[in-house]
Amino acid sequence: MKTSEMTPQQLAEACSVALNRNDHTAQAMGITIDEVAPGYAKLSMVLRKDMLNGHAIGHGGMMFTLCDTAFAHSCNTYNRSTVASGCNIDFIAPAFEGDTLTAIAEERSRSGRTGVYDITLYNQKDEKLGFFRGKAYQIKGTLIPED
């Protein structure tokens, strides 16, 4: 289907598939794409033993990566190659081996070449574990060829 014939939802889903195709980090971590819509993404992963730190809790870098990946999927739903220009995370509770972590990314602002996205990190009990904010910058290119 031509991109010009796609609905915004179809375009968002096609962009997410294209982005994930070459994201070897997300694949290695077992990150799954649960839901995508324009400016929105919900991704999850199971926290494995090799993702724990020396305190036997979820390594912050692993939790950050899940949030960063959800951020990437939410800001790339318009078929404009978009990267992070900055991001930060606040951890408010620990995660443990076997937890299913879910990152929900929501667009807060998108104007010109920049955007702001908030990502909330949850465990399987729907407890909030962290808050991530990403700033996006649009670069040249598209995720899927335009017609």
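Put simply, of GLY115, GLY54 the only residue that is touching a Cys at 6+ places or on another chain (Cβ under 8 Å) and of a type outside the set (Asp, Glu) is GLY115. Just so you know, in the range 50-71 the residues that are touching a strand residue (DSSP E or B) at 6+ places or on another chain (Cβ under 8 Å) and of a type outside the set (A, V, I, L, M) include one that is nearest to THR114 (Cα to Cα), and it is PHE71. If I filter the range 16-54 down to residues being without any contact (Cβ under 8 Å) to a residue 24 or more places away in the chain, of a type outside the set (Val, Ile, Thr) and not in a helix (DSSP H, G or I), which single residue comes out as farthest from LEU121 (Cα to Cα)? That would be ASN22.
For the range 98-126, the set of residues classified as among the acidic types (Asp, Glu), under 25 Å from LEU52 (Cα atoms) and either in contact with a Gly (Cβ under 8 Å, 6 or more places away or on another chain) or outside any loop (DSSP other than H, G, I, E, B) (or both) consists of ASP99, ASP118, listed by residue number. Scanning the range 71-90 turns up no residue that is in a loop (DSSP other than H, G, I, E, B), over 18 Å from ILE144 (Cβ atoms) and either of a type in the set (A, V, I, L, M) or touching a residue at least 24 places away in the same chain (Cβ under 8 Å) (or both).
Applying the criterion of being surrounded by 16 or more Cβ atoms within 10 Å (Cβ to Cβ) and small (Gly, Ala, Ser) to the residues of the range 38-58, the residue that is nearest to the chain's Cα centre (by Cα) is ALA41. Do we have any residue at all in the range 2-15 that's more than 15 Å from the chain's Cα centre (by Cα), aliphatic (A, V, I, L, M), modelled with pLDDT of 95 or more and surrounded by fewer than 18 Cβ atoms within 10 Å (Cβ to Cβ)? The answer is yes, given that some residue of the range 2-15 is more than 15 Å from the chain's Cα centre (by Cα), aliphatic (A, V, I, L, M), modelled with pLDDT of 95 or more and surrounded by fewer than 18 Cβ atoms within 10 Å (Cβ to Cβ). Within the range 99-110, residues that are free of Cβ contacts under 8 Å to residues at least 60 places away in the same chain and crowded, with 20+ Cβ neighbours inside 10 Å sit with their Cβ atoms under 9 Å from residues that are assigned to a strand (DSSP E or B) and of a type in the set (Ser, Thr, Tyr), at 6+ positions apart or across chains, in these pairs: LEU101/SER44; LEU101/TYR122. Does TYR122 satisfy the condition of being among the hydroxyl-bearing types (Ser, Thr, Tyr) and free of Cβ contacts under 8 Å to residues at least 40 places away in the same chain? Yes, satisfied.
The values are calculated or read from the model by the stated rules, or taken from the named source; none is laboratory data. From a predicted model like this one, the values you see are computed outputs, not experimental measurements. All Cβ positions, glycine included, derive from the backbone under ideal geometry; neighbour counts span all protein chains shown.
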